[in-house]
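J.: Dropping the structure in here first, questions after.
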Amino acid sequence: MIPIFDYILLIFLIVAAVISLKVKDLLSASMVFGIYSFLICLLWAEMGAVDVAFTEAAVGAGVSAVFLIATVYNTKRRSSD
Amino acid sequence: MKWIALIAVTLTGSLLLFGVGDFPEWGDPHSPANQGPKLKSGEQVSKAVSQDFLTETYEVTKVPNVVTAVLADYRGYDTMFETVVVFAAGLAIFAILRVFGDGSDTPPMRAVEDDTFVEGDHSRIIIGTTCKLLIPIIQLFALYVIAHGHYSPGGGFQGGVIMGASFILLAIARDLKSALDWFSEKNFMTLASVGILIYAGLGVLCQFFERNFLDYGALKVFMISSDHPEQMARSYSMLGVEIGVAFTVTAIMFAIYANLSSRGELKEGL
């Protein structure tokens, strides 16, 4: 574990989480969510849980972002906010 | 109402953070997970399971990657139902979204273009060619991850997802139709069921040799030329189980994408 790298990752993690909640555009939100998954994957890889990191990279950052984007493309915004 | 929600969230969050304070240090060798349970007087109740896993897994199963050994052998029953969960998720998406019919009542999402030839839209040719080059490499890597699941990080779930992602890439880069030509709905739904059948079938096969369900050591009769038949039987059964998991996950990942992106019509995607 490298402490400074760890802190940078954690700060970015929180920033990405807040942005993905706050951003209005759903497409950007799902892409930022992919970034969040990727940061968590880095964190796990750095803590030595390589199997979990691998799963997170494949499922969280890869496929689930694609699923979210596919869903966003097929939905409409009803309210006007 | 917003205030109540804010108070609830803050309270739960601070309680969680308070609970984290009781966790042992990261990598602490004296934590209960590494030392085994202790009484308040300091008396050791039993040895920790994790010690057994770390010291004995290689001798018992000949699998260097302890994570895979725990996942596919010691907790094989658990992993089987994880695969069933993935399968059930795919079936749920299928049941909710899939529409049978000619689809004439919904307008096409995008004009269908012939992307094999030119007239203006060159970017599609670049993307199509790049993906054509990339997809075989991705699939090869996925097969490597599946086959080496018990030697290095990886395994059925990861390799299956990568394999499914290669088909999704094909569907995004060209269109859903050309991906479905490779991997039709009939094929992927069959493959998803076959994956679970392989997993459960290996378990039932063990029962024919008067051992427990998923007790792979029973398959040592097939390991004729090996010095350690029982260990190698467990090792190879883990590979078989991973292949079953990979079948299901590949098929279900692509099934979910195909249904989500085409609103269940499987005609044209994004």
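Bear in mind these aren't lab numbers, they're just calculated from the coordinates by the rules spelled out. Since the structure is predicted, the reported quantities are computational estimates derived from the model, not experimental observations. Because the Cβ atoms are built from the backbone with ideal geometry, glycine has one as well, and the counts that use them run over all protein chains shown.
J.: With the crude spin-label approximation of a point 7 Å out along Cα→Cβ, what separation in nm comes out for residue B:207 versus residue B:39?
T.: Going by the 7 Å Cα→Cβ label model, 4.1 nm.
J.: If we count every other residue with Cβ under 13 angstrom of residue B:221's Cβ, Lys/Arg +1 and Asp/Glu -1, where does the sum land?
T.: Working: positive: B:211, B:220; negative: B:210, B:230.
Summing Lys and Arg as +1 and Asp and Glu as -1 gives 0.
J.: Related question: If R0 is 25 Å, what FRET efficiency do you get for residue B:227 and residue B:50 from their C-beta distance, rounded to 0.05?
T.: Working: r = 29 Å, r/R0 = 1.14.
That pair, residue B:227 with residue B:50, gives E of 0.30.
J.: Give the residue list of trypsin sites (Lys or Arg not before Pro) in segment B:163-219 that are DSSP loop and have at most 16 other beta-carbon atoms within 10 angstrom.
T.: Values: sites: B:174, B:177, B:186, B:211; in loops: B:174, B:211.
Those that pass, being in a loop and sparsely packed, are B:211.
J.: Sum up the lysine pairs in the protein assembly as shown that clear both bars: alpha-carbon distance under 30 Å and a spacing of 8 or more or different chains.
T.: Count of close lysine pairs: 17.
J.: Rounded to the nearest 500 deg cm²/dmol, what is the calculated helix-only ellipticity per residue at 222 nm for chain B, with -39500 (n - 2.57) per DSSP H run of length n ≥ 4? Don't jump to the answer; show the numbers that get you there.
T.: Details: 10 runs with 170 residues, N = 270.
Taken over chain B, the calculation gives -21000 deg cm²/dmol.
J.: Which one, A:7, A:50, A:37, is farthest towards the positive end of the dipole of chain A when Lys and Arg carry +1 and Asp and Glu -1 on their Cβ?
T.: A:37
J.: If you build the Cα gyration tensor of chain B and take the root of 5 times each eigenvalue, what three semi-axes come out, in whole angstrom, biggest first?
T.: Numbers: eigenvalues 353, 172, 68 Å².
Equivalent ellipsoid of chain B: 42, 29, 18 Å, largest first.
J.: Separate question: Using each residue's phi in segment B:150-163, evaluate 6.51 cos²θ - 1.76 cosθ + 1.60 at θ = phi - 60° and report the 3J(HN,Hα) Karplus result to the nearest Hz, with x for Gly and Pro.
T.: 9, 9, 9, x, x, x, x, 5, 5, x, x, 5, 5, 4
J.: Over the Cα atoms of the protein assembly as shown, what radius of gyration and what Dmax do you get, in Å?
T.: Computed over the Cα atoms of the protein assembly as shown, radius of gyration and Dmax are 23.8, 82 Å.
J.: Shifting gears a bit: Quick one: angle between helix B:185-208 and the longest Cα principal axis of chain B, in degrees between 0 and 90, rounded to 10, please.
T.: With both axes taken from Cα atoms, the answer is about 20 degrees.
J.: So if we plug the beta-carbon distance of residue A:26 and residue B:81 into 1/(1 + (r/R0)^6) with R0 = 45 Å, what FRET efficiency do we get, rounded to 0.05? Let's see the in-between values first.
T.: Working: r = 33 Å, r/R0 = 0.73.
The computed FRET efficiency comes out at 0.85.
J.: Sticking with this structure for a sec: When Lys and Arg each count +1 and Asp and Glu each count -1, what net charge do the other residues less than 13 Å away from residue B:83, Cβ to Cβ, add up to? Show your work: numbers first, answer last.
T.: Details: positive: B:75; negative: B:78, B:82, B:242.
Counting the neighbours of residue B:83, the net charge comes to -2.
J.: Okay, moving on. Ignoring the sites themselves, what is the longest stretch of chain B with no GluC sites (Glu not before Pro) in a DSSP loop and at most 13 other beta-carbon atoms within 10 Å?
T.: The segment B:120-209 is the longest one with no such site.
J.: Also: Which value, in debye to the nearest 20, describes the size of the charge dipole of the protein assembly as shown about its Cα centre when Lys and Arg Cβ atoms bear +1, Asp and Glu Cβ atoms bear -1, and nothing else is charged? Please list the in-between numbers first.
T.: Details: 23 positive and 33 negative charges, 148 e Å.
Magnitude of the dipole: close to 720 debye.
J.: If you fit an axis through the alpha-carbon atoms of helix B:76-97 and take the longest principal axis of the Cα set of chain B, what angle between them do you get, 0 to 90°, nearest 10?
T.: Rounded to the nearest ten degrees, it is 20.
J.: Taking Cα atoms, how many degrees apart are the long axis of helix B:122-147 and the longest axis of chain B, rounded to 10 and kept between 0 and 90?
T.: 20
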